[in-house]
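Trainee: Structure below; questions to follow.
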Amino acid sequence: MKYLLWAILIISSFVLQARLSILGVSPDLSILLVYYAGIKYGEKKGMLTGVLIGALEDSMSLSIFGPNLLSKGIIGFFSALFVTGSLFRWTPFLGMIAVLFLTFLDNSIVFLSLSLFDKAPAAISNALFISLMQSILNAPAGILIRPKDAD
Amino acid sequence: MSKKNFFLFFLLIVVSLVLMTYQSKKGHFSSGNHLNNLLNKTSWAVKSFTDALENPFRKIALRDADNQRLRKEIEALRLEREKTQEVMLENKRLREFLQLRENQENYVATARIISRGMSHWANTLVIDKGTKDGVLKDMSVITPKGLAGKIISSAGSYSTMLSLTDINFSAAVRFQESRTEGIISGTGNRKCILKYIPYNEEVKPGDIIITSGLDSFFPAGIPVGSVSSVDSKGSGGYFQYIEVIPFQDDSKIEEVVIVK
């Protein structure tokens, strides 16, 4: 049942993000799922969820297989460390900053991987604009997605 | 952090880098058309479902307006006028498409845009016609305004088109008046760049660009866009820096025609 729910969530996030757009930029809802898995289930399961979602995104993209797998895996791993690890104690503000930072990190890893191993997918200024917009669009979700032991 | 988790994290980075290095040398793995197909079907189902949900709400809104007679009449008249305008606009658009279809010898299919592509980086659009309708990779996508892009992948009932403004798009073009040839490329934003026009060619804003057909991908004579700015002072390189605004804005496309 849990896996079915996750499958529905993943497909819904793909469908929704293909339909939503603000200033020509779609929010990256799949990052939010990976972030949620990371802070709820810890670094290992967060990373594995990220790898799975990233692999699906890579299979559907028209470029090389790997950039999203790597970036989402790293996001899943870091979201557990960043928010529930010994470094920080979760607050709504930190949650927002974490999502903002992790979304930007995800985009940066994908952009760098594509630029290094395939073709640069956009001009740097454009990539920066898209990454910033996506980070800002995703950030408010960091207030709502909270760890189990949050107050 | 446990050693096991750190090892897994390290393994993820190594495996990803090996995968990408391998593909950069040997070529891409085959794409997941089945997954895309499933996603497109889901998109279509969600669109149908939301449309079906919205229609009754529109009717309810009209019934509520009945309670306030004067307002209702004004509202109804306004709605009627808007609907008529919408129908007139649609009628005009369809006439243009019909005209386009009759004019194009290599007509393949007329398609509707159903969603944006999955990649956030690429300017791609998904259309509701695929291999079943004869739509194949590398076919041209046009609208009554001009060139819109090309098909980059095609599955049963869906295809993905690469927009004219995408950084990976390029096409052989020429000026409509002077007949000088060049290559147009997308930039990732609204404008395109016209390349390989030497400094001795006189180019001015407003000049019209059409496809030349020399790349054997796009039929000749399709309007592409007009020159918006020219740097002909020789600030660098051997060619002029020319920006072109496409006639077809890819954020406003609803229907397209696919031609061979």
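The values are calculated or read from the model by the stated rules, or taken from the named source; none is laboratory data. As the structure is a computational prediction, the values presented were derived from the model and not from experiment. Positions of Cβ are backbone-derived with ideal geometry, glycine not excepted, and every protein chain shown enters the neighbour counts. With ligands, DNA and RNA removed, areas are computed over all heavy atoms of the protein, side chains included. Shrake-Rupley method; radii C 1.70, N 1.55, O 1.52, S 1.80 Å.
Trainee: With a ≥ b ≥ c the root eigenvalues of the C-alpha gyration tensor of chain B, is it rounded (a/c under 1.5), prolate (a/b larger than b/c) or oblate? Walk me through the intermediate numbers first.
Mentor: Working: a/c = 1.91, a/b = 1.14, b/c = 1.67.
Oblate shape, in that a/c is at least 1.5 and b/c is the bigger or equal ratio.
Trainee: Given contacts defined as C-alpha pairs under 8 Å and at least six residues apart, what's the relative contact order of the stretch B:170-246, whole-number percent? Working shown, then result.
Mentor: Working: 179 pairs, mean separation 24.0, N = 77.
This gives 31 percent for the stretch B:170-246.
Trainee: For a paramagnetic label modelled at 7 Å from the Cα of B:Y238 toward its Cβ, which residues of the stretch B:161-184 fall within the zone defined by backbone nitrogen distances under 20 Å?
Mentor: B:171-175, B:180-184
Trainee: Now a separate question. Take A:I11, project a point 7 Å from its Cα along the Cβ direction, then tell me which residues of the stretch B:132-163 have their backbone nitrogen under 18 Å from it.
Mentor: Flagged as within label range: B:156-158.
Trainee: Taking the Cα centre as origin and putting +1 on Lys and Arg beta-carbons and -1 on Asp and Glu beta-carbons, what dipole magnitude results for the protein assembly as shown, to the nearest 20 debye?
Mentor: Working: 45 positive and 37 negative charges, 224 e Å.
Here the size comes out at about 1080 debye.
Trainee: How many percent of the accessible area of the stretch A:1-41 is carbon or sulfur, using a 1.4 Å probe?
Mentor: Details: 1500 of 2010 Å².
Accessible surface attributable to carbon and sulfur in the stretch A:1-41 totals 75 percent.
Trainee: What does the helix-only formula give at 222 nm for chain B: each DSSP H stretch with n ≥ 4 adding -39500 (n - 2.57), the total divided by the residues, and the result rounded to the nearest 500 deg cm²/dmol?
Mentor: Numbers: 3 runs with 93 residues, N = 260.
Computed ellipticity for chain B at 222 nm equals -13000 deg cm²/dmol.
Trainee: Per residue, what accessible area does the stretch A:26-143 have, given a 1.4 Å probe and all protein chains present, in Å²?
Mentor: Details: 4360 Å² over 118 residues.
Averaged over the residues of the stretch A:26-143, the accessible area is 37 Å².
Trainee: Now for a different question. Tell me the accessible surface of B:L8 in square angstrom (1.4 angstrom probe, heavy atoms of protein chains only), to the nearest ten.
Mentor: For B:L8, the solvent-accessible surface is approximately 40 Å².
Trainee: Related question: Relative contact order for chain A: what is it in percent, counting Cα pairs under 8 Å that are at least 6 residues apart?
Mentor: Values: 228 pairs, mean separation 35.4, N = 151.
Over chain A, the number comes to 23 percent.
Trainee: In the stretch B:1-126, carbon and sulfur make up what percent of the accessible area (probe 1.4 Å)?
Mentor: Carbon and sulfur together cover 58 percent of it.
Trainee: Probe of 1.4 angstrom, ligands and nucleic acids ignored: what's the accessible area per residue over the stretch B:170-246, in square angstrom? Please report the intermediate quantities before stating the final value.
Mentor: Working: 3930 Å² over 77 residues.
For the stretch B:170-246, the per-residue accessible area is 51 Å².
Trainee: So for the pair B:L11, A:L4, with labels modelled 7 Å out along Cα→Cβ, what separation do we get in nm?
Mentor: My value for the distance between the label points is 3.1 nm.
Trainee: Then there is this: Using DSSP H assignments, which helices in chain A have an axial alpha-carbon span of 30 Å or above and a mean Kyte-Doolittle hydropathy of 1.0 or higher? All intermediate terms of the calculation are to be shown ahead of the outcome.
Mentor: Numbers: long enough: A:92-117 (37 Å, 1.91).
Span-like helices in chain A: A:92-117.
Trainee: Which whole-number value in Å² is the accessible area per residue of the stretch B:1-149, probe 1.4 Å?
Mentor: Values: 10460 Å² over 149 residues.
The answer is 70 Å² per residue.
Trainee: Using a cut-off of 27 Å between alpha-carbon atoms, which lysines can reach B:K4, once sequence neighbours fewer than 8 places away in the same chain are excluded?
Mentor: Once the sequence-local lysines are set aside, what remains near B:K4 is A:K2, A:K40, A:K44, A:K45, A:K72, A:K148.
Trainee: For chain B, modelled as a GNM with alpha-carbon contacts under 10 angstrom, which of B:S163, B:S48, B:S178 fluctuates the most?
Mentor: So, out of B:S163, B:S48, B:S178, the one fluctuating most is B:S48.
Trainee: What's the total accessible area buried between chains A and B, using a 1.4 Å probe, rounded to the nearest 100 Å²? Don't jump to the answer; show the numbers that get you there.
Mentor: On the way: alone 8620 and 17400 Å², together 22210 Å².
The contact between B and A buries close to 3800 Å².
Trainee: Something else now. Could you tell me the relative contact order of chain B? Use alpha-carbon pairs under 8 Å, at least six residues apart, and round to a whole percent. Mind showing how you got there, number by number?
Mentor: Numbers: 452 pairs, mean separation 40.6, N = 260.
Answer for chain B is 16 percent.
Trainee: Report the one residue of B:T110, B:V203, B:F175 whose Cα lies farthest in the direction of the positive end of the charge dipole of chain B (charges on C-beta: Lys and Arg +1, Asp and Glu -1; origin at the Cα centre).
Mentor: Of the candidates, B:T110 comes out farthest on the positive side.
Trainee: Right, another one. Name the residue from B:L53, B:F9, B:S226 whose Cα lies farthest towards the positive end of the charge dipole of chain B, charges +1 on Cβ of Lys and Arg and -1 on Cβ of Asp and Glu.
Mentor: B:F9
Trainee: 222 nm [θ] for chain A, helices only, -39500 (n - 2.57) per DSSP H run of 4+, per residue, to 500?
Mentor: The per-residue figure over chain A is -24500 deg cm²/dmol.
Trainee: Leaving ligands, DNA and RNA out of it, report the carbon-plus-sulfur percent of the accessible area of the stretch B:170-246 at a 1.4 Å probe. Could you put the intermediate results ahead of the total?
Mentor: Numbers: 2020 of 3930 Å².
Carbon and sulfur together cover 51 percent of it.
Trainee: What size of dipole, in debye to the nearest 20, comes out for the stretch B:1-119 about its Cα centre when the only charges are +1 on Lys and Arg C-beta atoms and -1 on Asp and Glu C-beta atoms?
Mentor: Details: 21 positive and 13 negative charges, 112 e Å.
For this selection, approximately 540 debye.
Trainee: Please give me, ordered by residue number, the GluC sites (Glu not before Pro) of the stretch B:222-260 that lie in loop per DSSP and have at most 13 other Cβ atoms within 10 Å. Before the final figure, lay out each step's value.
Mentor: Values: sites: B:E243, B:E254, B:E255; in loops: B:E254.
Of the GluC sites (Glu not before Pro), the ones in loops of the stretch B:222-260 whose Cβ has at most 13 other Cβ atoms within 10 Å are B:E254.
Trainee: Separate question: Could you tell me the extents of the protein assembly as shown's C-alpha atoms along the three principal axes, largest first, rounded to whole Å?
Mentor: So the three principal-axis extents are 70, 69, 43 Å.
Trainee: Let me ask another. Measure out, as a whole number of angstrom, how far apart the alpha-carbon centroids of the stretch B:173-237 and the stretch B:64-109 sit.
Mentor: Each part's Cα centre sits 35 Å from the other's.
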